[in-house]
Protein chains: 2
Amino acid sequence: MKKRMQTLAKKRLIDFLSDRKLRLTSQRDFILKHFLDTEGQLTAEELYELLKKRDETIGHATVYRTLRLFVNAGIARELHLGDGSVRYEADIEGIRKGYLVCSECGKRVEFSDDEMDSLGKRLSKEHGFSIDNRSVVFFGICPDCQQNGMR
Amino acid sequence: MKKRMQTLAKKRLIDFLSDRKLRLTSQRDFILKHFLDTEGQLTAEELYELLKKRDETIGHATVYRTLRLFVNAGIARELHLGDGSVRYEADIEGIRKGYLVCSECGKRVEFSDDEMDSLGKRLSKEHGFSIDNRSVVFFGICPDCQQNGMR
DNA sequence: ATGCCTGCAAAATCTTTGCAGTAGA
DNA sequence: TCTACTGCAAAGATTTTGCAGGCAT
């Protein structure tokens, strides 16, 4: 299943690239593979650091450029979870998620936000937008931080 | 009603400041007044430019620091609407909004996201978080951009 | 008077861009 | 071969921080 996701994503990337006469380079392949292997949500910087361990020669800009490419190809999703940086996660078809984020320690909990589908449809109809993405984030304080009384 | 909002926000600021032995300075008062006067959602930079017109001496950092203060005081809300910058809007009690954003031209449409309340409550119960804010954003292409076939 | 607050400028982040060489198709 | 792609470094953009003086309480 993990494997299947990898295959689908790669297929999607190849289709996207060949449609636009772009190229599947070893770097793009390498970044895709490790990006899909990660759990959770990474910043471009975090992914870069992670890749750097496996391949010293990978460039900073390449990671940024490739992540944007992945977003355009529908392979990655961009997230803003309130910590001031942009995070990316695999855009697995049919699986949309919402996030519950602790403002204190940054802890993230994912939840299914399927019930947003109908809201999306209604908004689309009401305002004539073609909707292709959404971001649902709740902010609060997690149980641990409440207990420790930090603040 | 506009007036009433101003009064409430100022009261809230004063309470927040005195609770923490912070001070109500002329700059904070000045920034609050003009921040509440603006419609829509501003970046710190936009607010700075706007304030600069009224008072040449206002400092860059002061605007950034004050907006963060407003967020902590519950007077302002921080928004990430996908254009890469942080935006702020007045946090008027009882009024929560969601946003529909055009990925092409940046056009923003606000909608009531009251139906998220129950989801928030459920998440709070399930995960033990105390939830105090949320961000609901839909991305898509607005009717105008669909017509002009930009992309 | 105390010490929080301000403006300035420099620093720190994070991200993008220009360029010369490299390598897919 | 042709031109997109890469790594590097520099530039950009946005936000934060250090500091000396100013001002609210």
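The values are calculated or read from the model by the stated rules, or taken from the named source; none is laboratory data. All figures in this text were calculated on a predicted structure; none of them were measured in a lab. Quick reminder, even Gly has a Cβ in these numbers, built from the backbone with ideal geometry, and neighbours come from all protein chains shown. We work out accessible area using only protein heavy atoms, side chains counted, and drop any ligands, DNA or RNA first. Shrake-Rupley method; radii C 1.70, N 1.55, O 1.52, S 1.80 Å.
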Centre separation in Å (Cα based) which lies between the stretch A:120-146 and the stretch A:16-84
24 Å
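I need the calculated FRET efficiency for the pair A:THR25 and A:GLU45, taking r as the beta carbon distance and R₀ as 22 Å, to the nearest 0.05.
Working: r = 21 Å, r/R0 = 0.97.
The formula returns an efficiency of 0.55 here.
Compute the signed sum of charges (Lys and Arg +1, Asp and Glu -1) over the other residues within less than 11 Å, Cβ to Cβ, of B:SER26.
Values: positive: B:ARG23, B:ARG28, B:LYS33; negative: B:ASP29, B:ASP55.
Local net charge: +1.
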All-pairs Cα distance distribution in the protein assembly as shown, expressed in whole percent, bin size 20 Å
28, 56, 16, 0
Among residues of chain B, the one whose beta-carbon sits nearest the axis that rotates B onto A, given with its distance in integer Å, is B:HIS80, 2
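Using the Cα centre of the protein assembly as shown as the reference point, and only Cβ charges (+1 on K/R, -1 on D/E), how large is the resulting charge dipole? Debye, rounded to the nearest 20. Mind dumping the intermediate values first?
Numbers: 54 positive and 48 negative charges, 40 e Å.
Computed charge dipole of the protein assembly as shown: roughly 200 debye.
Quick one: with all protein chains in place, what share of the accessible area of chain A is carbon or sulfur, to the nearest percent (1.4 Å probe)?
Details: 4220 of 8680 Å².
Answer for chain A: carbon and sulfur cover 49 percent of the accessible area.
Can you work out D for the stretch B:1-46 in µm² s⁻¹ from Stokes-Einstein, where Rh is the Kirkwood radius over C-alpha pairs, the temperature is 10 °C and the viscosity is 1.306 mPa s?
Roughly 138 µm²/s, to the nearest whole number.
Please state the relative contact order of chain B as a whole percent: Cα pairs under 8 Å, 6+ residues apart? Let's see the in-between values first.
Working: 141 pairs, mean separation 26.8, N = 151.
It comes to 18 percent, rounded to a whole number.
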For the stretch B:12-72 the GluC sites (Glu not before Pro) that pass both the DSSP coil test and the at-most-11 other-Cβ-within-10 Å test are B:GLU39, B:GLU56
Sum -39500 (n - 2.57) across every DSSP H segment of at least 4 residues in the protein assembly as shown, then divide by the residue count to get the 222 nm mean residue ellipticity, nearest 500.
-15000 deg cm²/dmol
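Can you give the extra length, in nm with one decimal, that the chain gains between A:ASP15 and A:HIS60 once fully stretched, where that is 0.36 nm per residue apart less the Cα-Cα distance?
On the way: separation 45, 0.36 × 45 = 16.20 nm, distance 2.52 nm.
Extra length available between A:ASP15 and A:HIS60 comes to 13.7 nm.
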Mean projected area in nm² (Cα convex hull; one quarter of hull surface) for the stretch A:1-117
8.2 nm²
Using protein heavy atoms only (no ligands, DNA or RNA), what is the total accessible area buried between B and A, 1.4 Å probe, nearest 100 Å²?
3000 Å²
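How long are the semi-axes of the equivalent ellipsoid of the stretch A:40-86, taking √(5λ) for every eigenvalue λ of the Cα gyration tensor, in whole Å from largest down? Please report the intermediate quantities before stating the final value.
Details: eigenvalues 70, 38, 14 Å².
For the stretch A:40-86, the ellipsoid semi-axes come out as 19, 14, 8 Å.
Write down the Å³ per residue value for the convex hull defined by the alpha carbon atoms of the stretch A:55-121. Let's see the in-between values first.
On the way: hull volume 8.9 nm³, N = 67.
Once divided by residue count, the hull of the stretch A:55-121 is 133 Å³.
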Peptide B:77-85: average number of partner chain Cβ atoms within 10 Å per residue?
3
Would you list A:CYS142, B:CYS105 from the most to the least accessible area, probe 1.4 Å?
B:CYS105, A:CYS142
Counting only heavy atoms of the protein chains, get the accessible area per residue of chain A (1.4 Å probe) and round it to a whole Å² value.
57 Å²
